[in-house]
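The structure appears right after this line, and notes come after that.
The values are calculated or read from the model by the stated rules, or taken from the named source; none is laboratory data. Everything quoted here is computed from the prediction, not taken from an experiment. Cβ atoms come from the backbone with ideal geometry, glycine included; neighbour counts cover every protein chain shown. Only protein heavy atoms, including side chains, enter the accessible area calculation; ligands, DNA and RNA are left aside. Shrake-Rupley method; radii C 1.70, N 1.55, O 1.52, S 1.80 Å.
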Amino acid sequence: NSVVYLGHKLKHAQTLCGVPRILNFRVVPADHAFQLYFYIYAVDNHSKFARLVTHVPYTAWNVTPGEAIDLPPLDFHTACFRIPRHHHIALGVNMKNHLYTPAIDRHRASVTIDYKADDPPTLLVPLV
């Protein structure tokens, strides 16, 4: 399973250049270990075709199932990418990625995103 947060349509082309960061991301794990993968995409407003800009994995070990945890600030891989006008910046989150060895059997792994309206997750995107 995955979730995608879609930002507003860009009125002008922008260049993402630097290290994006995500803050205040809170989850409730169902098991003692889990992995999450965060992706930033540039999404075409018309075709909905998305291009991967950058990503960052996160692994947690020895957590208490059912207990909410705040992830530390996560720095994405450095990127420099021109995002055309009328595209959206999107954040995707999932638990599967063929590039990484899973922390736990994928059939058992799950997390619930614990969204707090008074302290929502924040994606910091360096646009130049």
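Annotations
- Hits in the stretch 81-100 - residues which are of a type outside the set (A, V, I, L, M, F, W, C), loosely packed, with under 15 Cβ neighbours inside 10 Å and in contact with a strand residue (DSSP E or B) (Cβ under 9 Å, 6 or more places away or on another chain): ARG82, PRO84, ARG85, HIS86, ASN94, LYS96, ASN97, TYR100
- Residue list for the stretch 1-54, restricted to those being more than 25 Å from PRO72 (Cα to Cα) and of a type in the set (S, T, N, Q): GLN14, THR15, ASN45, SER47
- Pair list, Cβ < 8 Å and 6+ apart or interchain, from the stretch 39-64 residues that are touching a residue at least 60 places away in the same chain (Cβ under 8 Å) to residues that are part of a loop (DSSP other than H, G, I, E, B): ILE40/PRO20; ILE40/PHE76; ILE40/VAL125
- Any hit, the stretch 106-115, residues being touching a residue at least 12 places away in the same chain (Cβ under 8 Å), surrounded by fewer than 18 Cβ atoms within 10 Å (Cβ to Cβ) and over 17 Å from the mean Cα position of the chain (by Cα): yes
To keep it simple, each residue is scored yes or no on (1) under 16 Å from ASN97 (Cα atoms); (2) in contact with a His (Cβ under 6 Å, 6 or more places away or on another chain); (3) of a type outside the set (Phe, Trp, Tyr); (4) open to solvent by 40 Å² or more (accessible area, probe 1.4 Å).
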residue	(1), (2), (3), (4)
ALA30	no, no, yes, yes
VAL56	yes, no, yes, no
ALA68	no, no, yes, no
ASP75	no, no, yes, yes
ALA79	no, no, yes, no
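- Complete set of residues in the stretch 8-38 that are over 30 Å from GLY66 (Cα atoms) and not charged (D, E, K, R): HIS8, LEU10, HIS12, ALA13, GLN14, THR15, LEU16, CYS17, GLY18, VAL19
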